[in-house]
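Accompanying notes for the structure given below.
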Ligand code: NAP
């Protein structure tokens, strides 16, 4: 192994997580770090998801860094180009560019027990070394390919919604869309008017609520610029409105019956065909899968040139999709809007901790960590957006900032104590996760549906089971007793 370049911190990924970690390190006076980004630009999921209509379903005044409020959002719910531009601005404004290394895919990381350092292999060749390793790879970075027989035999155009091929013109094409999640409800209204016809293959109907979206007028924006207090106030109002929804998700799932009424009224208002309405009526408790918001998805499905196919898919043929009733649906293009590998594989490369154990081995029965950040057996390793720190009800950027705060506190404590290793005690991890899984048992996510929140065995490894206020409080300071400081 060649002599590796040494740093204090290596950050993997330049999405919101990696950028936040980098910014906060700089603010703490730590300049000896690198951000490794596998792609040729920064932005993570907001760089990759460029499908027509891509945007955020959390209001922008909350879906942004608390330390970099943006008075210039053009809509309540910003679109992908605007969010991505915001991330680029943050990278510039906080002087991160010199720390970012593009086209650097981490292929392996191993903890060197003699030196108490992480050795990180990049692009299968070069090695870097650092005291601390921070993963910001996120949960929605690896598209999920559906296990539909015959997929590779298809001879038309095939792509995933998170890898949109903008060189392929859908105008007047026969298009099939597989999946009816957050991505499809955004892209369908934008592609249906172009295509000759579009068939959407639905396995499970999503619950959909109206989207309270609107333009933010130039007058409002100038007020936000002039009076930052108003921007702060807008953020607070959105935060607390979203925060109370935890009551329905975790504490009293019965509340969801009331919200279901609102969603069904929305469906009734937007669809006139009773057969279509029946197909679109979910048969599981609202909230069990991610609740979606849209004002134009149902309308798009009502178009004459759009069909909603609910007969299960049998296989993909060279020319299209065959459903189980034996009908062949021919397409020029098939779009896989089948989501991401969120619950099963959180770290997409070999990460080797103490005793040569890989993280994937340690997580054979489902990923778990302390507050989604640290894992026993993997000293000096931190995750942003790790296991059970996702949300069904509010902004992930709030969680990211909490986690970065916790990581900085751990690093500071290590420096103060003059130790080389921070290692989570296995007992602390076990107790934390027993309590977490216990709390999840009565949540709406356990009410009987299948979702990407769970592993195949049904363990919820993605979601935080409470208020984000609680999470913020628990990540304010590292509990020293949970760790060995060596
Ligand atoms: P998703 O919510 O996981 O939806 C995937 C869809 O594909 C589901 O309808 C699923 O059906 C279907 N599917 C999967 N495998 C299939 C198969 N073999 N045959 C037929 N259908 C299949 O994925 P997504 O829409 O890309 O969204 C993923 C997550 O990304 C979201 O929940 C959200 O967190 C994030 N996202 C956010 C936004 C935003 O506005 N902030 C926008 C897009 C995405 P089943 O339901 O039956 O499994």
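Where helices (runs of 4 or more DSSP H) fall entirely within region 255-344, those with at least 3 residues that are within 16 Å of the ligand (Cβ to nearest atom) are at 297-301. At least 3 residues being within 16 Å of the ligand (Cβ to nearest atom) and touching a strand residue (DSSP E or B) at 6+ places or on another chain (Cβ under 7 Å) is the threshold, and among the helices (runs of 4 or more DSSP H) wholly inside region 165-251 those reaching it are 182-191. Of everything in region 264-279 that is within 15 Å of residue 203 (Cα to Cα) and in contact with a strand residue (DSSP E or B) (Cβ under 7 Å, 6 or more places away or on another chain), the residue that is surrounded by the fewest Cβ atoms within 10 Å (Cβ to Cβ) is 279. For region 445-454, what are the residues that are part of a loop (DSSP other than H, G, I, E, B) and either at positive phi or within 14 Å of the ligand (Cβ to nearest atom) (or both)? If the condition is that a residue be part of a loop (DSSP other than H, G, I, E, B) and either at positive phi or within 14 Å of the ligand (Cβ to nearest atom) (or both), then 448, 449, 450, 451, 452, 453 are the ones that fit. The residues on offer are 377, 418, and the sole one that is in contact (Cβ under 8 Å) with a residue 24 or more places away in the chain and either under 17 Å from the mean Cα position of the chain (by Cα) or away from the ligand (no atom under 16 Å from the Cβ) (or both) is 377.
Does region 266-273 contain any residue that is outside the structural domain of residue 465 (by TED's automatic domain parsing) and within 28 Å of the chain's Cα centre (by Cα)? Within region 266-273, one or more residues are outside the structural domain of residue 465 (by TED's automatic domain parsing) and within 28 Å of the chain's Cα centre (by Cα).
Annotation: residue 140 fulfils all but one of (1) over 26 Å from residue 29 (Cα atoms); (2) assigned to a loop (DSSP other than H, G, I, E, B); (3) out of contact with any helix residue (DSSP H, G or I) (no Cβ under 6 Å at 6 or more places or on another chain); the unmet one is (3). For region 145-164, the set of residues classified as in a loop (DSSP other than H, G, I, E, B), surrounded by fewer than 19 Cβ atoms within 10 Å (Cβ to Cβ) and more than 7 Å from the ligand (Cβ to nearest atom) consists of 145, 149, 150, 155, 156, 164, listed by residue number. Exactly one residue out of 391, 354 is more than 15 Å from the ligand (Cβ to nearest atom), outside the structural domain of residue 208 (by TED's automatic domain parsing) and either in contact (Cβ under 8 Å) with a residue 12 or more places away in the chain or in contact with a helix residue (DSSP H, G or I) (Cβ under 7 Å, 6 or more places away or on another chain) (or both), and it is 354.
Take the residues in region 345-367 that are in a loop (DSSP other than H, G, I, E, B) and modelled with pLDDT of 95 or more; name whichever of them is surrounded by the most Cβ atoms within 10 Å (Cβ to Cβ). In this case the residue turns out to be 353.
With respect to the conditions (1) in contact with a helix residue (DSSP H, G or I) (Cβ under 8 Å, 6 or more places away or on another chain); (2) surrounded by 19 or more Cβ atoms within 10 Å (Cβ to Cβ), residue 414 falls short on a single one, namely (1). Only a single item in (1) touching a residue at least 60 places away in the same chain (Cβ under 8 Å); (2) farther than 16 Å from residue 141 by Cβ is not met by residue 32, and it is number (1).
Only one of the listed residues (385, 444) is buried (at least 23 other Cβ atoms within 10 Å of the Cβ) and more than 30 Å from residue 356 (Cβ to Cβ). That residue is 444. Residues of region 393-427 that are touching a strand residue (DSSP E or B) at 6+ places or on another chain (Cβ under 7 Å) and in a loop (DSSP other than H, G, I, E, B): 419, 425.
Which of the residues spanning region 230-271 are under 14 Å from residue 62 (Cα atoms) and out of contact with any helix residue (DSSP H, G or I) (no Cβ under 7 Å at 6 or more places or on another chain)? Break it down into steps so the answer makes sense when it comes.
At the first step, the residues of region 230-271 found to be under 14 Å from residue 62 (Cα atoms) are 230-243.
Listed by number, the residues that qualify are 232, 233, 234, 235, 236, 237, 238, 239, 240, 241, 242.
I'd like the residue in region 5-26 that is more than 27 Å from residue 162 (Cα to Cα) and out of contact with any helix residue (DSSP H, G or I) (no Cβ under 9 Å at 6 or more places or on another chain) and, out of all such residues, is surrounded by the most Cβ atoms within 10 Å (Cβ to Cβ). Of everything passing the filter in region 5-26, 7 is surrounded by the most Cβ atoms within 10 Å (Cβ to Cβ).
The values are calculated or read from the model by the stated rules, or taken from the named source; none is laboratory data. Keep in mind that what you see is a predicted model, and the values were worked out from it rather than measured. Cβ sites come from the backbone with ideal geometry, for glycine too, and all protein chains shown count toward neighbours.
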